[in-house]
Amino acid sequence: MSAGKSFYVTTPIFYVNDVPHIGHAYTEVAADVLARWHRQAGDRTWMLTGTDEHGEKILRTATANGATPQEWVDRLVESAWKPLLDTIDISNNDFIRTTDARHEDNVKKFLQHLYDAGFIYTGEYEGSYCVGCEEYKQDSDLVEGTGEFAGEKVCAIHSKPVENLHEKNYFFRMSDFTQPLLDMYEANPNFVQPESARNEVIQFVKQGLNDLSISRSSFDWGIKLPWDDSHVVYVWFDALLNYITAAGYGYDEEKLASLWPATHIVGKDILRFHAVIWPAMLMAAGVEVPHQVYGHGWLLVGGEKMSKSKLTGIAPNDITDTFGSDAFRYYFMSAISFGQDGSFSWEDLSARYQAELANGFGNLASRTLAMVTRYFDGVVPAAGELTPSDKAIADVVAAAAVEADAAIERLAIHDAVTSIWTIVDALNGYITEQEPWALAKDPANAGRLATVLNTATEGLRALAVLLSPFMPQATQKLWSALNVEPSLGALTAQPIREAGKWNQVPIGTTVGALEALFPRIESSAE
Ligand SMILES: [Zn+2]
């Protein structure tokens, strides 16, 4: 892919009442790696995240905590959600809150537009409503209760009884979009990915869509319908619109045109909202559908799903306090195939930290720079005539850069790491085989020693550039130690699709010392 195109990536907005756990952080890091990669490639990149702040449950918890809903959400945004982004080093360009005026005002415009166009009508609704999910449930979504709820039908997610509600509602004519959606999935096979997610969505839509109740009148913490202020808009209808209200919908058409359509990274539990309801809403409003909806898998801990509702979570700073944010980011992007379920364990994290980061990458960087310092007073020497072993390193680097970019294009983030890691493995093997410490013993081998260390230094340069989106802090330390900022510029300004070009480090550059990138962890993190 060539530089310069637009890449707008979003995460789901955080439901403020949740407690931040590694599931939230996982989605954020994936979107952030994609954003950093594209930014470094020179694409016009924009990453959006934010918070979902309306709804009955938030009103109830605010009241229970003696706060107004606005005070309550302000407190949670500042104390929990913005700090999470710092904890895991997220480089978002924007943070939208569904209580922002830019959101509320333009949700109203969107709704009025749909109402005027005849896509919204008044009806009666009766059904089983789960307050936890804030949605009406189909019978197929309910299961037999256990314990105190034995004999009752309960929400499969919350294990609590549903309420039978009967209300006058406004409805969105979603059923009109059954065939247009199926046609769109057909015409655009990449719209929903991965393939398993796409198949599930198509099967669901093929059964035919019902119209969607989009208003509530039993509480008032939400965005009022512009034509009937006794109703607030259904929270999902409100929340989904963040992706365009943040991008200028309704107030900055130029901005919207430059950013939209987006790539949405979502957990597979909210795939249908994004791949069915959302494009139907956009079609009704005459707005282009998203570029892609990508549903990633569950994180499993001890075999159990990290649930957004059951709060079984591990706080991200439980991990980063010990291992650092780079290791967090690297681990979740490399150990789990993006798009599939994956297991987290402290043992696996510790083992990979030690083997791959400390011994693999960190040690390679520190010993290479130490040898340049010891044998050449820190001055990067010119290479002599290249042997097949030296050329093989340059070939591995060139291939890795191309393969990693192709993997990022198809959102196979784990494959990108695997490709880049071929450089780490090849360089470690090369140094073992070439034995620069042995070459250094005989002045007759000085030319050969220079070639080996030049090759290894050039490989480190490529690693810093390619790993920067994954591990921004460690690679910045390496970049500083390589001392190439004066000649090549800032690390984050290095064109990532050209990382495979050889001979970029100027001969004569004086490298500095490198502190341990991944220090030994003394005690178990448990
Ligand atoms: Zn529920």
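The values are calculated or read from the model by the stated rules, or taken from the named source; none is laboratory data. None of these values were measured; they are calculated from a predicted model. FYI the Cβ positions are ideal-geometry reconstructions off the backbone, even for glycines, and counts take in every protein chain you see. Surface areas here come from the heavy atoms of the whole protein model, side chains and all, with no ligands, DNA or RNA. Shrake-Rupley method; radii C 1.70, N 1.55, O 1.52, S 1.80 Å.
Points worth noting:
- Calculated FRET value between residue 513 and residue 321, using beta carbons and R₀ = 25 Å, to 0.05: 0.45
- Computed from label points 7 Å out along Cα-Cβ, the spacing between residue 143 and residue 409 is 4.2 nm.
- Residue 343 sits among other residues whose Cβ lies under 13 Å from its own Cβ, and their net charge, with Lys and Arg +1 and Asp and Glu -1, is -2.
- Charge context of residue 180, other residues only, Cβ under 12 angstrom, K/R +1, D/E -1: -2
- Calculated FRET efficiency, residue 501 to residue 60, Cβ-Cβ distance, R0 = 41 Å: about 0.10 to the nearest 0.05.
- Amide H contacts of residue 97 (H built 1.01 Å from N, in plane; Pro and chain starts excluded): 51 sit under 5 Å, all sequence-distant by 5 or more or on other chains.
- Two-site FRET efficiency, residue 441 against residue 490, from Cβ-Cβ distance with R₀ of 45 Å, rounded to 0.05: 0.70
- Heavy-atom accessible area per residue - the chain, 1.4 Å, Å²: 40 Å²
- If you count Lys pairs in the stretch 45-187 whose Cα atoms are under 23 Å apart, skipping same-chain pairs closer than 8 places in sequence, the total is 11.
- Restricting the calculation to Cα atoms, every distinct pair contributes to the Kirkwood radius of the stretch 146-227, found to be 16.3 Å.
- Modelled spin-label separation between residue 269 and residue 252, with each label point placed 7 Å from Cα along the Cα-to-Cβ direction: 3.3 nm.
- Label positions at residue 183 and residue 131, each projected 7 Å from the Cα along the C-beta direction, are separated by 4.4 nm.
- Per-residue ³J(HN,Hα) for the stretch 100-113, Karplus 6.51 cos²θ - 1.76 cosθ + 1.60, θ = phi - 60°, Hz, x for Gly and Pro: 5, 4, 4, 7, 4, 4, 8, 5, 4, 4, 4, 4, 4, 4
- All lysines inside 21 Å of residue 391 as judged from Cα atoms, apart from same-chain residues fewer than 8 positions distant: 501
- One decimal place: the segment residue 166-residue 382 gains 69.8 nm when fully extended, by the rule 0.36 nm per residue minus the C-alpha distance.
- For the stretch 18-72, the fraction of 1.4 Å probe accessible surface lying on carbon and sulfur atoms is 58 percent.
- Amide H contacts under 5 Å for residue 7, placed H, 5+ residues apart: 44, 45, 46
- Residue-wise HN-Hα coupling along the stretch 325-338, computed from phi with Karplus coefficients 6.51, -1.76, 1.60 (Hz; x: Gly, Pro): 6, 4, 5, 4, 5, 4, 4, 5, 7, 9, 7, 10, 6, 5
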